[in-house]
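Right, one structure below, let's go through it.
The values are calculated or read from the model by the stated rules, or taken from the named source; none is laboratory data. Values in this document were obtained by computation on a predicted structure and should not be read as measured data. As a convention, Cβ positions derive from the backbone with ideal geometry for all residues, glycine included, and neighbour counts pool all protein chains shown.
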Amino acid sequence: MAEQIFFWIFGALALGAGIFVVAARNPIHSAVALVFCFFCLAGVFVVLQAHFLAAIQVMVYAGAIMVLFIFVIMLLNLSDEELGKTKWTITKWLGMAAACVVGVVAVWATQPRGDDEPAAPGGALRMVTERLPSVVAGEEMSIKLIAAGGAPPYTWSMVDASSMIGAGGRMTPDGQLKVTAVKKESKLDGLDSKLALHVTVTDAKGARAVRVFSVPIVHPSFGTTAKVGGLLFEKYAYPFEIVSLLLLVAIVGAVVMAKKRI
Amino acid sequence: MVPNEQILGLAAVLFAVGAIGFVARRNVLIVLMSVELMLNASNLALVGYGRLRAALDGHVFAFLVIAVAAAEAAVGLAIVIAVYRRRRTANLDEVKTLRN
């Protein structure tokens, strides 16, 4: 619960700062608001257990990139005349409308809706829930599983096939699943440790449907520099090298571009 | 634990704000800042999905996005300075041709 409160405090501040970035007339005001927005997003990252990214966000974005922006703004020292008057052409209104539509559609597409459950009652008994979200170690996750077809009412049962001590799930016959994972990380629990839950649903006529859910566990070390760095230097070593090459090219390009005569 | 829908909703709204700034504003610097805003929104979505799957790959992608954003800002601002030297303007509406 505290997580959610802080998420929305930082999220609302980031959103307000983002709107100010777009609305402010003076570029310096925009830049300072953007720095504040990046700090708030770093707070959101901390809430989401992305500690490494939060640190990088403050150092690279709020530190390096924004210093570059403010430096250029002050170097240009734009007067009101050079800033130019905003012309509200029809294409600009169309572009704004399209951006608003993109935003509304994106929000609508990410929100859960009731009509996800199939209305057709016929057909063989099947489990509608295909995948379970991750569970944070030390917290309890409660989720309602859904089945369709066959002859309701359904009876649910679950066997925990994972061999983790102190972790597991409980299931009530009406389909409410509660999953917990202990907040103790042994050396053996890698990032890939998952719970394996064999869930069986039985309908009134005795037909069965079985599905094995694998529930990933978010450990306390999730998102720390050690874990992200390990992944970065093993699985993603090649993209990492390509990015370093890209940065080198960008440095050379910026230097060439900023020369007196091109 | 914050539900994934709320993370993605915040990311979508932030992205839309950046997109509106990108098309509505004509000051080059504010347009570039809107791009940074959109990149941050995508980072937030990547982190949200990484948490949903308890996989750190999303964090690595967000890290790469930050590195690419740094390169983009460096080259973009160098172009802004080069254009300002020749044209004495930072208004995108007045920059229409590639030569001179």
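Remark: pairs (first residue in the stretch A:189-212, over 26 Å from A:Glu140 (Cβ atoms); second residue loosely packed, with under 14 Cβ neighbours inside 10 Å and at pLDDT below 75; Cβ separation under 6 Å; 6+ apart in sequence or on different chains) = A:Asp203/A:Ala151; A:Ala204/A:Ala151; A:Lys205/A:Ala151.
Pairing residues of the stretch B:56-79 that are of a type outside the set (Gly, Ala, Ser) with residues that are surrounded by 21 or more Cβ atoms within 10 Å (Cβ to Cβ) and assigned to a loop (DSSP other than H, G, I, E, B), at Cβ distances under 8 Å and at least 6 apart in sequence or on separate chains, gives B:Leu56/A:Phe222; B:Leu56/A:Gly223; B:His59/A:Ala50; B:His59/A:Gly223. Taking (1) at the interface with chain A (Cβ under 7 Å from one of its Cβ atoms); (2) buried (at least 20 other Cβ atoms within 10 Å of the Cβ) in turn, B:Val68 satisfies each apart from (2).
Per the conditions (1) surrounded by 13 or more Cβ atoms within 10 Å (Cβ to Cβ); (2) farther than 23 Å from B:Leu77 by Cβ; (3) facing chain B (nearest Cβ under 10 Å), the sole criterion not satisfied by A:Ile9 is (3).
Here's the yes/no breakdown for (1) touching a strand residue (DSSP E or B) at 6+ places or on another chain (Cβ under 6 Å); (2) part of a loop (DSSP other than H, G, I, E, B); (3) modelled with pLDDT under 95:
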site	(1), (2), (3)
B:Ile30	no, no, yes
B:Arg51	no, no, yes
B:Ala54	yes, yes, yes
B:Gly76	no, no, yes
B:Val83	no, no, yes
B:Arg86	no, no, yes
B:Asp93	no, no, yes
B:Thr97	no, yes, yes
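Kindly indicate whether any position in the stretch A:21-41 is more than 9 Å from chain B (Cβ to nearest Cβ), surrounded by fewer than 17 Cβ atoms within 10 Å (Cβ to Cβ) and of a type in the set (Gly, Ala, Ser). No, the conditions are met nowhere in the stretch A:21-41.
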